[in-house]
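Before any comments, here is the structure.
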Amino acid sequence: MTHQSFLSTFSNRASKLLSPAASPQPNSLVDSVLGNWMDGILILTEDGDCVESNHLARSICDRIAQEQSCINQMPREIWKACQVLIDSRSNFPNHLIIAESELKLKESRDHIRIRVRWFNFSNSNDPHILVILENQKQSWQNLAATEALRYDLSPREADVWTLHRIGYSYQEIAEELHIALNTVKKHMKNTYAKQSFSEMLEESYEEPLAG
């Protein structure tokens with residue numbers, strides 16, 4: 001299946017399931033949580049049909065499908081993790097496992113963590129597969145933003161620190177931000193100094209409380 005036809009089929013099914021007309025409780029808590037969840041969520045049948053998804057999952061699948069082929073209308077790496085879960089049911093019938101995989105995308109530099117487990121709908125006797133797609137690049141960006149506030153970094157120091165957290169080398173950071181390599185090293189040195197100072201202050205606050 002081509003990238004375009006995969007996205008068309010996937011999005012059409014998901015949009016029908018997520019539309020208010022298709023749901024008896026369009027404003028339910030479950031729908032709200034699914035739509036606002038920080039990770040991508042897919043709910044699949046054992047045949048690979050998507051019966052529910054959120055926008056983030058469709059966006060991640062879009063990016064994955066640009067770099068690899070699909071199996072059962074799912075990006076190959078996602079379906080391989082699902083297949084491990086399905087096979088485990090016969091190999092380990094008394095153990096419920098969570099299958100995991102990781103995928104690094106070249107174009108977007110996203111690092112996707114894939115976790116799959118069995119999921120039962122209350123109104124269905126057939127088991128479904130819950131797929132959680134965590135964009136670790138986004139998690140690292142969120143962590144870097146938090147640390148930038150915690151360490152009182154300047155805007156440029158924060159830019160450099162964020163790319164460092166994502167996994168860029170010093171040279172790649174220099175090229176991405178169009179600055180000199182020595183400038184990157186200077187910002188990183190300042191950031192580490194601020195980090196040490198912040199941690200020292202936190203320890204000094206904690207000592208009287210511990211006593």
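The values are calculated or read from the model by the stated rules, or taken from the named source; none is laboratory data. All of these numbers come straight from a predicted model, not from anything done at the bench. Positions of Cβ are generated from backbone atoms using ideal geometry, with glycine treated the same way; all protein chains shown enter the neighbour counts.
If you scan the stretch 96-120, which residues turn out to be farther than 17 Å from Glu77 by Cβ and touching a residue at least 12 places away in the same chain (Cβ under 8 Å)?
Residues satisfying the conditions are Leu96, Ile97, Trp118, Phe119.
Residue under question is Ser88, and the condition is that it be modelled with pLDDT under 90, more than 20 Å from the chain's Cα centre (by Cα) and among the small types (Gly, Ala, Ser); does it hold?
yes
Hey, among the residues in the stretch 56-71 that are surrounded by fewer than 17 Cβ atoms within 10 Å (Cβ to Cβ) and in contact with a Gly (Cβ under 8 Å, 6 or more places away or on another chain), which one's modelled with the highest pLDDT?
Checked the stretch 56-71; the qualifying residue modelled with the highest pLDDT is Ser59.
Looking only at the stretch 100-122, count every residue that is over 18 Å from Gln68 (Cβ atoms), touching a strand residue (DSSP E or B) at 6+ places or on another chain (Cβ under 9 Å) and of a type in the set (S, T, N, Q) and tell me the total.
Of the residues in that region, 1 qualify.
Looking at Ile97, Ile78, can you tell me which residue is in contact with a strand residue (DSSP E or B) (Cβ under 9 Å, 6 or more places away or on another chain), outside any loop (DSSP other than H, G, I, E, B) and assigned by TED's automatic domain parsing to the domain that holds Ile43? Explain how you work it out, then say what you get.
Numbers: Ile97 fails: outside any loop (DSSP other than H, G, I, E, B).
Just a single option satisfies the conditions, and that option is Ile78.
Could you please find all residues in the stretch 156-190 being within 19 Å of Gln138 (Cβ to Cβ) and touching a helix residue (DSSP H, G or I) at 6+ places or on another chain (Cβ under 7 Å)?
If the condition is that a residue be within 19 Å of Gln138 (Cβ to Cβ) and touching a helix residue (DSSP H, G or I) at 6+ places or on another chain (Cβ under 7 Å), then Ala158, Asp159, Val160, Trp161, Thr162, Leu163, His164, Arg165, Ile166, Tyr168, Ile173, Glu176 are the ones that fit.
Between a residue in the stretch 188-204 that is in the same structural domain as Arg165 (by TED's automatic domain parsing) and any residue that is surrounded by 10 or more Cβ atoms within 10 Å (Cβ to Cβ) and in a helix (DSSP H, G or I), which pairs come within a Cβ distance under 7 Å, given they are 6 or more apart or on different chains?
Final answer for the pair search is Met188/Val160; Met188/His164; Asn190/Glu157; Thr191/Glu157; Thr191/Trp161; Ser198/Arg150.
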